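The values are calculated or read from the model by the stated rules, or taken from the named source; none is laboratory data. These figures come from a predicted structure and were not determined experimentally. Here the Cβ positions follow ideal geometry from the backbone for every residue, glycine too, while neighbour counts run over all protein chains shown.
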Amino acid sequence: LGAGKTTFARGFGDALDLETPVSSPTFIVARTHPRRAEDLPSLVHLDAYRLGSAAELDELDIDVSSSVVLAEWARPYAHALSDSWVELSIARPVGHTDLVDEDEPRKVTVTAHGDAADLWERLMNAGEEFHVSRD
């Protein structure tokens, strides 16, 4: 908790140019955010923390094939969403057990699964063409 999942989701949503800002889906489990460009896929922001099984995920009827899905707490269920995904693990600084300042650095570990592994490898090998910046 407090690692920055929703903050990351907001930045991700900003990059996708959504019609509305991303907010936490904690109490409604999944929230769909349309993009300003109607021909581009919507962002489905999912919080799987309260789900008890992959069957409950299926009951949400998320159109995975035509959406960008950003799922929090989804490790046990990711395989039910897709054969290909990128997993981000966000960790707070060592020794911090309380909620930390938003400006505190985080450690992000990326693990790609299925076809996403090939895409991730190409991005990482792009060298100077691939940049990560923070405003």
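Observations on the model:
- Some residue of segment 38-58 being aliphatic (A, V, I, L, M), under 24 Å from LEU123 (Cβ atoms) and surrounded by fewer than 15 Cβ atoms within 10 Å (Cβ to Cβ): yes
- Filter result for GLY11 (in a helix (DSSP H, G or I) and either touching a Leu at 6+ places or on another chain (Cβ under 7 Å) or modelled with pLDDT of 85 or more (or both)): yes
- Meets criteria (in contact with a Ser or Thr (Cβ under 8 Å, 6 or more places away or on another chain) and over 22 Å from ARG106 (Cβ atoms)) for ARG36: no
- With respect to the conditions (1) of a type in the set (Phe, Trp, Tyr); (2) within 15 Å of LEU88 (Cβ to Cβ); (3) over 12 Å from the mean Cα position of the chain (by Cα), PHE12 falls short on a single one, namely (3).
Matching residues to (1) at pLDDT below 85; (2) within 19 Å of THR7 (Cα to Cα); (3) in a strand (DSSP E or B):
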{"site": "PRO25", "(1), (2), (3)": "yes, yes, no"}
{"site": "LEU40", "(1), (2), (3)": "no, no, no"}
{"site": "PRO76", "(1), (2), (3)": "no, no, no"}
{"site": "HIS79", "(1), (2), (3)": "yes, no, no"}
{"site": "THR97", "(1), (2), (3)": "yes, yes, no"}
{"site": "GLU102", "(1), (2), (3)": "yes, yes, no"}
{"site": "ARG122", "(1), (2), (3)": "yes, no, no"}
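- Those residues of segment 10-57 which are in contact with a strand residue (DSSP E or B) (Cβ under 8 Å, 6 or more places away or on another chain) and of a type in the set (D, E, K, R), in sequence order: ASP17, GLU19, ARG31, ARG35, ARG36, ASP47
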